[in-house]
Amino acid sequence: MKILFAINQLGGGGAERVLTLLANQMVQNHEVYIVSFTPGMTKYHINQNIHVNELTLRKKTAIHVARAIREEVKAVKPDCLISFEYHMNMKALLGTVGIKNLRKIISERNDPSQKGGTLGKKQVRELLYRLSDVLVCQTPDAMNYFSKEIRCKTVIIPNPISGNLPEVWSGKRDKRIVNFCRLEKQKNIPLLIDAFSIFRRNHKEYQLDIYGDGAEREYIQTYIESRNLRTSVTLHPASPEIHKLVSNAMMYVSSSDYEGISNSMLEALALGIPTICTDCPCGGARMFIRDGENGFLVRVGDSNELAQKMSDLAENAKLRNIFSQNSIKIREDISSDKIVGKWMDILK
């Protein structure tokens with residue numbers, strides 16, 4: 001089978017991580033191509049047998065990108081086109097109108113009620129999505145956002161866990177709270193900093209380490225300084241060795257306002273790091289965290305509740321151990337082999 005993936009860029013985000021993981025697995029038995037539109041952004045390993053075409057367009061309007069995808073499809077002649085993220089989904093469907101013998105699979109990678117542009121653009125998305133053969137959503141809440149006509153051809157496939165994570169840390173954990181993500185507004189890192197400031201009143205020995213790059217980086221650094229937390233909160237750049245860097249942390253905390261499914265949350269659970277997440281739309285955290293059993297869920301935007309749960313974990317070694325032992329089961333539940341198998345089922 002010949003498979004063509006379409007994505008805006010191959011940077012360091014969650015969508016890119018999942019796409020490259022799928023492509024690297026699929027190329028073992030199929031001919032795989034990737035087309036992207038922001039050259040020089042590749043952050044993840046890509047198998048040398050995958051054909052990657054990073055296009056530089058003079059104009060990147062929807063029409064120009066749609067036309068470029070159409071030309072790529074005509075050149076590659078894939079059996080299946082898989083696009084990632086709502087804006088690329090729309091352009092891919094527009095660009096392949098009228099092309100026969102092409103299975104079109106689109107994938108929402110975030111909360112569709114939050115991501116999708118203006119109301120008018122969301123209405124256009126609704127119309128264009130009807131041209132797809134399959135829509136992949138990460139959560140039931142994301143699927144239920146769409147009309148019945150689209151829901152009837154939607155499948156739910158969560159993100160996979162990478163097979164090359166380090167072993168679960170078995171020694172004494174550092175008194176560090178960690179977060180690693182793309183530094184965008186939806187992650188609400190200031191809420192995490194506020195909660196840590198409250199938590200630290202009674203836990204002055206703790207440090208907060210935030211890893212990532214993105215549009216909010218400069219603002220977050222300024223926010224740390226404005227709260228007089230420079231000695232206890234450190235903003236680190238994103239790192240390919242992130243899992244080794246955080247594996248011995250006392251806890252992982254996510255403060256997002258909304259998510260598809262947070263890859264860093266899944267990885268923290270798989271690493272056995274005691275985890276706290278906001279119970280944010282579109283339901284990814286509650287799919288995998290059973291509150292009080294393998295992690296904590298807290299209300300979105302509530303720094304006091306977040307700080308209290310951080311204190312609960314810091315002061316209860318037995319609870320941390322229970323969370324860790326229960327959370328690592330996720331390695332089997334959403335292993336890359338299982339998730340790639342689900343994707344292969346919808347390619348047929």
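Values in this text are rule-based calculations from the coordinates and carry no lab data. It should be emphasised that the depicted structure is a prediction, and the values quoted were computed from it without experimental measurement. We place every Cβ from the backbone using ideal geometry, glycine too, and count neighbours over all the protein chains shown.
One table, with the values for the structure above:
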quantity: Fully extended contour minus Cα-Cα distance, from Q325 to A62, at 0.36 nm per residue; calculated: 90.0 nm
quantity: Nitroxide proxy distance, nm - points 7 Å out along Cα→Cβ at D312 and R201; calculated: 1.9
quantity: Exposure proxy order (Cβ contacts within 10 Å, fewest to most) of M90, M41, M143; calculated: M41, M143, M90
quantity: DSSP-assigned coil residues among GluC sites (Glu not before Pro) in the stretch 211-244, each with at most 10 further Cβ atoms within 10 Å; calculated: E241
quantity: Residue order, fewest to most beta carbons within 10 Å, for V52, V97; calculated: V97, V52
quantity: Where N is the number of residues in the stretch 176-334, Cα Rg divided by 2.2 N^0.38 Å; calculated: 0.94
quantity: Dipole in debye (nearest 20) - the chain, about Cα centre, beta carbon charges: Lys, Arg +1; Asp, Glu -1; calculated: 780
quantity: Total charge dipole magnitude, the stretch 2-157, about the Cα centre, Cβ charges on Lys, Arg, Asp, Glu only, Debye to nearest 20; calculated: 480
quantity: Order of T222, T139, T275 - criterion: other Cβ atoms within 10 Å of each residue's Cβ, fewest first; calculated: T222, T139, T275
quantity: Trypsin sites (Lys or Arg not before Pro) within the stretch 19-118: DSSP coil, no more than 13 neighbouring Cβ in 10 Å; calculated: R58, K59, K100
quantity: The chain - mean residue ellipticity at 222 nm from DSSP helices (-39,500 (n - 2.57) per run, n ≥ 4, rounded to 500); calculated: -11000 deg cm²/dmol
quantity: Kirkwood Rh (inverse of mean 1/r, distinct Cα pairs), the chain, angstrom; calculated: 21.0
